Amino acid sequence: MPVQIGAQSHAFTEPLGLLSDCHRRIEMFLGSLSAIANLSGQPLNDEGRRALDNALRYFREAAPKHTADEEVSLFPRLRQLQSDESESVFSRMDELENDHQWAESLHTEVDRLGKNYLNAGILQEKDATEFLKAVEALADMYQRHIALEDESLFPLAAKILSKEDKLTIAKEMAQRRAI
């Protein structure tokens, strides 16, 4: 995983902070994919190859764990705590889950085209256009999705989840990442 100078990193005892940290990594790797997609399929240099390989690996291996952190550990616990105060935020959790499902096919397409790019060293114009469209669609979705979670859902979760719930979520997150 690349080192992020100046980036805040949370411990597994702070699951909501960890989820936000994941969002920063998603944004970073989407930035790499966007830069590469904007090359229009031109030959990659060594730095570009490493960046593309790292981004594809992140979205293939780490991002599904983040999705499980939200859909298996966080969202169900939040749904149990619904109140008038939380109704407007919680009503959007279905939208967030739909985003995750919608993004799966785009991630599959980005991964397929990205692997082709790595193997061939270039992309044909049609594939380069498809790669760019898929990356742009993912970036647009994640921008909206992350803003909703970071600005509304996670702050509310920090307020209403018990310390015990937060520690249980943290434990589940750590287990997903155990070797």
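The values are calculated or read from the model by the stated rules, or taken from the named source; none is laboratory data. A quick note: this is a predicted structure, and the numbers were derived from the prediction, not measured. All Cβ positions, even for glycine, are placed from backbone atoms using ideal geometry, and neighbour counts span all protein chains on display. Side chains are part of the model used for accessible areas, which takes the heavy atoms of the whole protein and leaves out ligands, DNA and RNA. Shrake-Rupley method; radii C 1.70, N 1.55, O 1.52, S 1.80 Å.
Please get the size of the charge dipole for the chain, origin at its Cα centre, with Cβ charges of +1 on Lys and Arg and -1 on Asp and Glu, quoted in debye to the nearest 20. Spell out each step's value before the answer.
Numbers: 21 positive and 31 negative charges, 131 e Å.
With only Lys, Arg, Asp and Glu charged at Cβ, the dipole is about 640 debye.
Here are some values of Rg and Dmax of the Cα atoms in Å: (i) 17.6, 55; (ii) 20.9, 74; (iii) 15.1, 46. Which one was computed from this structure? Identified label for the calculated read-out: (i).
On the beta carbon distance between residue 171 and residue 53, with R0 = 25 Å, the FRET formula returns roughly 0.20. Each Lys and Arg adds +1 at its Cβ and each Asp and Glu adds -1 at its Cβ; summed about the Cα centre, the range 92-141 shows a dipole of about 280 debye.
From the protein chains alone at 1.4 Å, what is the descending order of accessible area for 77, 50, 60, largest first? Working shown, then result.
Numbers: 77 45, 50 145, 60 100 Å².
Sorted descending by solvent-accessible area, the residues read 50, 60, 77.
As a calculated quantity, the FRET efficiency between residue 136 and residue 81 at R0 = 30 Å, using C-beta atoms, amounts to about 0.25.
Considering only 124, 89, 114, the residue lying farthest towards the positive end of the dipole of the range 87-127 is 124, judged by Cα position with unit charges set on Cβ.
Can you find, among 178, 73, 148, the residue sitting farthest towards the positive end of the charge dipole of the range 56-179, where Lys and Arg contribute +1 and Asp and Glu -1 at Cβ? Of 178, 73, 148, it is 178. The C-alpha atoms of the chain define a longest principal axis, and helix 46-57 lies at about 40 degrees to it. Given the chain, what count of lysine pairs have C-alpha atoms under 30 Å apart, with each pair 8 or more places apart or on different chains? So the count of such lysine pairs works out to 10.
For residue 122, no residue has an amide H sitting under 5 Å from its own, ignoring neighbours fewer than 5 places away on the same chain, with H placed 1.01 Å from N. Applied to the range 109-124, the Karplus parametrisation 6.51 cos²θ - 1.76 cosθ + 1.60 on θ = phi - 60° returns per-residue 3J(HN,Hα) values of 5, 4, 5, 4, 5, x, 5, 4, 4, 5, 6, 8, x, 8, 10, 5 Hz, with x for Gly and Pro.
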